[in-house]
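The values are calculated or read from the model by the stated rules, or taken from the named source; none is laboratory data. Every value quoted in this text rests on a predicted model; they were computed, and no experiment measured them. When we count neighbours, we look across all protein chains shown, and the Cβ atoms used for this are built from the backbone with ideal geometry, even at glycine.
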2 protein chains.
Amino acid sequence: MVDRLVVIGGDAAGMTAASTARRGRDDLEIVALERGTRTSYAACGIPYLVAGLIDEVDDLVARTPQEFRDRQRIDVRTRHEVIGIDTAEGKVEVRDLARARDFSLGYDELVIATGARPIRPDLPGIDLPFVHGVQTLDDAEHLLAIAEEIDAEKVVVVGGGYIGLEMAEAFVRWGADVTIVDAGSQVMRTLDPDMADLVEQALDRFEVEVRTGVDVHGFEPGFVLTSDGPLPAELVILGIGVTPNAELAAEAGIALGPRGAIAVDRRQRASAAHVWAAGDCATTFHLVRQEPVHIALGTVANKTGRVAGTNVAGGYATFPGVVGTAITRICTTEVARTGVSEAEADAAGLAYVVGRIETTTTAGYFPGAQPMVVKLLAEVGTGRLLGGQIVGGSGSAKRIDIVATAITAGMTIAEVIDLDLAYAPPFSSVWDPVAVAARAAARAL
Amino acid sequence: MVDRLVVIGGDAAGMTAASTARRGRDDLEIVALERGTRTSYAACGIPYLVAGLIDEVDDLVARTPQEFRDRQRIDVRTRHEVIGIDTAEGKVEVRDLARARDFSLGYDELVIATGARPIRPDLPGIDLPFVHGVQTLDDAEHLLAIAEEIDAEKVVVVGGGYIGLEMAEAFVRWGADVTIVDAGSQVMRTLDPDMADLVEQALDRFEVEVRTGVDVHGFEPGFVLTSDGPLPAELVILGIGVTPNAELAAEAGIALGPRGAIAVDRRQRASAAHVWAAGDCATTFHLVRQEPVHIALGTVANKTGRVAGTNVAGGYATFPGVVGTAITRICTTEVARTGVSEAEADAAGLAYVVGRIETTTTAGYFPGAQPMVVKLLAEVGTGRLLGGQIVGGSGSAKRIDIVATAITAGMTIAEVIDLDLAYAPPFSSVWDPVAVAARAAARAL
């Protein structure tokens, strides 16, 4: 009798785990259960779909259920929702949504990849139909259809994080007036205030209205009720973060970690035998903060799915963790961060100095040079690089990878100064901006 | 009596050394002797000046002699050529070119930063006025004036290295028909043949004619004489590399290293007491090849100038070396390399595997995604990353910094796969291309 792997969730983490397990073990029976209608899609592309930069919802689908069946013998069942996990018996309770019937399915190995969902705060009117969270392609398709049907002119985005800002930009490109409301004192609270301020300036140039320090009290048809008074809105987008879909696991007695995500070890093992978790529903380890965290990102989902799939198939793989890298583009302004921010360093009890420089994306004399600000944090005493943030024009943000790589390697600021980074006038100034920021940090040390 | 620092050469390395020494020692007398008329200029910008992307020669001057005098009390003397060094007596013989008189100048510390010059092979007709090397702004100014005067339509570039290719592009933009002649089997011999082939395709799309495997036998007015027969040329640009200006040092008994560059230690000390060297005239250390090399690049010039200046002023600084990073843009195709190529690995006796992938510059579904090829070399056994090459569309080349940083940190391919590199659809596919190439190399291991 062959072993059966059951995967709950058919997006990045789940289908990567399934595919990797197939490569590792040809004999395995693999069943993937997906509540929605699509598999393996690029949810990160949704804002660009709404913006009209991408034509079709299905352009974001990397691989269809049929392709998984045909190419990898993975039995993908869409519109199948898992409603219970029995770790003692090794089985899951499944609801076939199309046929409205339930059945049990035994597993030898179980990968939980149920993802995350937008946080819906318990506010009056939160369930009104004009209030949208956007997580799946099905959500996106629904939202676009409504926006077009009502020809939305006023959109309010609640929350100024990455998704909120990307959706704000999307609706500006789509043709609406957009207001972002955030309860905090700045947008993008994973950035330091001085860097977030640059992002707010960019939003202003793009005619997105930003209202920080404003609480949302509830929703009424046509309005968002706020501490600033009612704001007209034909559509509301929730961008206040996501929460892991870990209730199923919790009900099964599987241990949770930070923010209610499924606690896993470096091999993506959950607390129950033969149960693994990967992607947005699981914790991951922060290499600078040296603690488990919940970070819902496609990169992590793919990587942890691969690790889970390797281990499920009897191989050996570990995921060392993340350094907190994130990147986005707001209109023409690029934004990136990695490691710890000032607030995170404070919270972790890390003493640091800051190197912050204002420069240009190419040699200053080169046509098209645009402003760019690079900020680095280094630990007092050791000189160890702790974090970095970049905001600037085209060609700015991917430079954060230098910082992420150097942090992962445990480099000091002095070592960063000496890095042999690429220079030619169309790409950089002769002293690479990251090295110049490192010099500024070195002087502060 | 104050100490006197004499600097020979007023470009990047020399003036960085002078400026750094001034910051380190306020009391130092600093004299910088420059044979030409300008200081501290961006020679790397010359092709863009010829192309018309930059308006004025002086846009490339970072700081004028007068600014050095006014702001840093550095006694810059242009049109002053050093014609002899006496290390026993601690003095240099100087020719004041404007006044046609010679004089001696004593030094307590001497920084040699005489740069490099284009190689002029000893061929019949090499001294004809239509054969140009381009190294200084004065050269560039002269070349542009001639090109405009004769309204050059046919330009032949001898040598398909970085400078040759950049000058070829420049003259296409300027409006000429350009042919590149290279004796080797490919352009850009610091790239592997498969990657150089992509560059040749880009040149072809830009209507630059590339003739490889063609020897130049000499020059006659209006023609380059080659093994392929005579090629019509109103202007010839020499792009077959540079040779260090180290004759002065050699005549003074100072030891030379590879390719006749001035041998220096990690503090930029030359073999004679109180003599330092930095920039294109000196050797540097290659961290992967683990041997001294001669690499003439603005980045190295600035960094080694800073190290020399710090040490001259009584501080302590070392330059660890380079990993061989280089980058350029040929038309719209970006090209970068770092570490060792296949040929360099072979020469160093390193056994390696290759991971090579073809991907796109952004998420594949994102508008404007362009092809990109990433190639990594990893050592057999250890899995250590040895080198990388990237050729592709906009946003490709600066990714080489990830590879350069990882090589410097001594990372393995497995560690590169796990790097927390930045992802969003406008910037990358969800698995970063560098990580995907690392996965390909891991499979090959």
Provide a single number: the residues in the stretch B:313-352 that are away from chain A (no Cβ under 14 Å) and in a loop (DSSP other than H, G, I, E, B).
-> 7
Within the group A:G383, A:G387, A:G395, which residue is out of contact with any helix residue (DSSP H, G or I) (no Cβ under 6 Å at 6 or more places or on another chain) and surrounded by fewer than 24 Cβ atoms within 10 Å (Cβ to Cβ)?
-> A:G395
Verdict on B:D265 being under 23 Å from B:R4 (Cα atoms) and acidic (D, E) | yes
Selection from the stretch A:55-74 of residues that are surrounded by fewer than 16 Cβ atoms within 10 Å (Cβ to Cβ) and either more than 14 Å from every other protein chain (Cβ to nearest Cβ) or in contact with a Lys or Arg (Cβ under 6 Å, 6 or more places away or on another chain) (or both) | A:Q66, A:E67, A:R69, A:D70, A:R71, A:R73
Does at least one position in the stretch B:247-261 carry a residue that is buried (at least 24 other Cβ atoms within 10 Å of the Cβ), on the phi < 0 side of the Ramachandran plot and of a type outside the set (G, A, S)?
-> no
Report whether or not B:V2 is out of contact with any Pro (no Cβ under 6 Å at 6 or more places or on another chain), in contact (Cβ under 8 Å) with a residue 12 or more places away in the chain, among the hydrophobic types (A, V, I, L, M, F, W, C) and crowded, with 24+ Cβ neighbours inside 10 Å.
-> no
For the stretch A:189-203, does any single residue satisfy the condition of being modelled with pLDDT under 95 and at positive phi?
-> no
Could you list, in sequence order, the residues of the stretch A:399-416 that are of a type outside the set (D, E, K, R), out of contact with any strand residue (DSSP E or B) (no Cβ under 7 Å at 6 or more places or on another chain) and surrounded by fewer than 21 Cβ atoms within 10 Å (Cβ to Cβ)?
-> A:A409, A:A414
Considering each of B:P426, B:P367 in turn, give the residue that is touching a strand residue (DSSP E or B) at 6+ places or on another chain (Cβ under 6 Å) and assigned to a loop (DSSP other than H, G, I, E, B).
-> B:P426
Could you please find all residues in the stretch B:229-263 being among the β-branched types (V, I, T), closer than 17 Å to B:G218 by Cβ and in contact with a helix residue (DSSP H, G or I) (Cβ under 9 Å, 6 or more places away or on another chain)?
-> B:I237, B:I240
Only residues that are buried (at least 18 other Cβ atoms within 10 Å of the Cβ), in a loop (DSSP other than H, G, I, E, B) and touching a Ser or Thr at 6+ places or on another chain (Cβ under 7 Å): list them for the stretch A:262-281, please.
-> A:A263, A:V264, A:Q268, A:A272, A:A278
Taking the stretch B:173-224 and keeping residues of a type in the set (K, R), surrounded by 15 or more Cβ atoms within 10 Å (Cβ to Cβ) and closer than 30 Å to B:G339 by Cα leaves B:R189, B:R211
If A:V373 satisfies every condition in (1) crowded, with 18+ Cβ neighbours inside 10 Å; (2) under 20 Å from the mean Cα position of the chain (by Cα) but one, which is the exception?
-> (2)
Just to be sure, is A:R269 among the charged types (D, E, K, R), on the phi > 0 side of the Ramachandran plot and away from chain B (no Cβ under 14 Å)?
-> no
Go through the stretch B:394-419 and count every residue that is under 23 Å from A:T361 (Cα atoms), hydroxyl-bearing (S, T, Y) and within 7 Å of another protein chain (Cβ to nearest Cβ).
-> 1
Give the number of residues within the stretch A:370-389 that are free of Cβ contacts under 8 Å to residues at least 60 places away in the same chain and under 17 Å from A:L203 (Cα atoms).
-> 2
When residues of the stretch B:287-305 are limited to those that are within 9 Å of chain A (Cβ to nearest Cβ) and in contact with a Ser or Thr (Cβ under 6 Å, 6 or more places away or on another chain), the one surrounded by the fewest Cβ atoms within 10 Å (Cβ to Cβ) = B:N302
Which of the residues belonging to the stretch B:103-116 are surrounded by fewer than 18 Cβ atoms within 10 Å (Cβ to Cβ) and not polar (S, T, N, Q)?
-> B:F103, B:L105, B:G106, B:D108
Filter the stretch A:340-355 for residues that are more than 26 Å from the chain's Cα centre (by Cα) and touching a residue at least 60 places away in the same chain (Cβ under 8 Å); which is surrounded by the most Cβ atoms within 10 Å (Cβ to Cβ)?
-> A:G355
Could you grab me the full set of residues in the stretch B:3-24 that are within 14 Å of chain A (Cβ to nearest Cβ) and hydrophobic (A, V, I, L, M, F, W, C)?
-> B:A12, B:A13, B:M15
Yes/no for B:G364 being surrounded by 24 or more Cβ atoms within 10 Å (Cβ to Cβ), more than 24 Å from B:A406 (Cβ to Cβ), over 19 Å from the mean Cα position of the chain (by Cα) and within 14 Å of chain A (Cβ to nearest Cβ) | no
Touching a strand residue (DSSP E or B) at 6+ places or on another chain (Cβ under 7 Å) and facing another protein chain (nearest Cβ under 10 Å): does that describe B:I390?
-> yes
Restricting the search to the stretch B:141-165, which residues are acidic (D, E) and buried (at least 24 other Cβ atoms within 10 Å of the Cβ)?
-> none
Search the stretch B:422-445 for residues being of a type in the set (A, V, I, L, M, F, W, C) and more than 9 Å from chain A (Cβ to nearest Cβ), and hand back the single one that is nearest to A:G298 (Cα to Cα).
-> B:V436
Return yes when A:T284 is in contact with a His (Cβ under 7 Å, 6 or more places away or on another chain) and either crowded, with 17+ Cβ neighbours inside 10 Å or of a type in the set (D, E, K, R) (or both) and no when it is not.
-> no
Under 6 Å by Cβ, and 6 or more places apart or on different chains, what pairs join a residue from the stretch B:27-54 that is more than 10 Å from chain A (Cβ to nearest Cβ) with one that is part of a loop (DSSP other than H, G, I, E, B) and surrounded by 23 or more Cβ atoms within 10 Å (Cβ to Cβ)?
-> B:A32/B:G10; B:E34/B:G10; B:T39/B:G10
Which pairs have Cβ atoms under 9 Å, sit 6 or more apart or on different chains, and link a residue in the stretch B:238-254 that is assigned to a loop (DSSP other than H, G, I, E, B) to one that is polar (S, T, N, Q)?
-> B:N245/B:T114; B:A246/B:T114; B:A252/B:T87; B:G253/B:T87; B:G253/B:S271; B:I254/B:T87; B:I254/B:S271
In the stretch B:318-337, how many residues are surrounded by 23 or more Cβ atoms within 10 Å (Cβ to Cβ) and of a type in the set (K, R)?
-> 1
Within the stretch A:94-138, residues among the acidic types (D, E) and free of Cβ contacts under 8 Å to residues at least 12 places away in the same chain come out as A:D122, A:D127
